[in-house]
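Note sheet for the following structure.
Taken together, the values in this text are just the output of simple stated rules run on the coordinates, not laboratory data. This is a predicted model, so every value here is computed, not measured. Every residue, glycine among them, receives a Cβ derived from its backbone with ideal geometry; neighbour counts consider all protein chains shown.
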Amino acid sequence: MAYDWIIDALEDTWLKMEGAIKGRDERDFDALTACPGWSVRDIVNHISGAELLMAGAPLPELTSPRPSYVKNRHGEENEAVVASRRHHSASEVISDFRYATTMTLSRLGRLDLAAWEEPVRSRNGWRPFHQVLEMRVIDSWIHLQDIRDALLEPADDHGLGEEIVINHFEGSMPYVWATRTLAPEGSLLRVNLVGRLARSVQVQVRDGRGVAVASSDETPTVELTTAVALFWRRMAGRINAEALVRASATDLRGDRILGRHLADALCVLD
């Protein structure tokens, strides 16, 4: 099947998430994460709730005042799901997680090619179903790292999910450079990622749009070298621009003002 890689990535990520939370006590589940206002318990409930919603469960109503960290309608829906399940014990959270993820994997395994490519409504408008599911991989993998960080047990077995996340963020760089950074016409950005999945990405503004370009000898307007882990954490909003720029693994060269605008613009997930 053309999209088995999505199923494999979800299964791999969810198995690792279950492994990270299995055997934990209530205090561990209450540990705060890098997601404002959310604990480990909330993140696991978010994953379970999202899968249940996709399977047709009704969206809960947010009965409490909207928290300050909720910025939009999508965030309000996420908060409603999490708040409705916040009273669940650790054992209930794990049980719900197993049920929801197992149900999703079983359902996806029965889909034919037409179903994977059928347009469905998403927060970004109508998208092929496989694109929506790819974003579920990205969301789940990043939240797996949120849980590991909150429990002070980061790990390097990042698997298929990490590859999908880094490829997705690489694909966002033309938009980040031209539209969010507002880099001028002709300006060239080079991003060098160091570590597992290392790569060099080049983007140039042409006719007002960011375009990925092949390697060249041209001196970049801005060159950012950093670790893969710092790159995805900034793109996902887990660290701020200052933390990225000041990290010992980061080297920012070229137009300093434009480089700082780039660091500010890198966060693409809300």
Legend entry - Fluctuation leader among ARG41, ARG180, ARG234 - the chain, Gaussian network, Cα springs under 10 angstrom: ARG180
Legend entry - Mean Cβ neighbour count within 10 Å, used as a protection proxy, ranking 156-165, 62-71 highest first: 156-165, 62-71
Inset, instruction - Report the residue, chosen from GLY125, GLY19, GLY195, that carries the largest GNM mean-square fluctuation when the chain is represented by alpha-carbon nodes joined by springs under 10 Å. - result: GLY125
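Scanning the chain for helices, which whole DSSP H stretches are 24 Å or more long along the axis (Cα) and average -1.0 or more by Kyte-Doolittle?
On the way: long enough: 4-21 (26 Å, 0.13); 90-109 (28 Å, 0.12); 129-150 (32 Å, -0.10); 159-175 (26 Å, -0.02).
Result, helices passing both filters: 4-21, 90-109, 129-150, 159-175.
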Inset, instruction - Using only alpha carbon pairs under 8 Å that are at least six residues apart, calculate the relative contact order of the range 32-80 and give it in whole percent. - result: 32 percent
Inset, instruction - Springs between alpha-carbon atoms under 10 Å, Gaussian network over the chain: tell me which of ILE239, ILE47, ILE138 tops the mean-square fluctuations. - result: ILE239
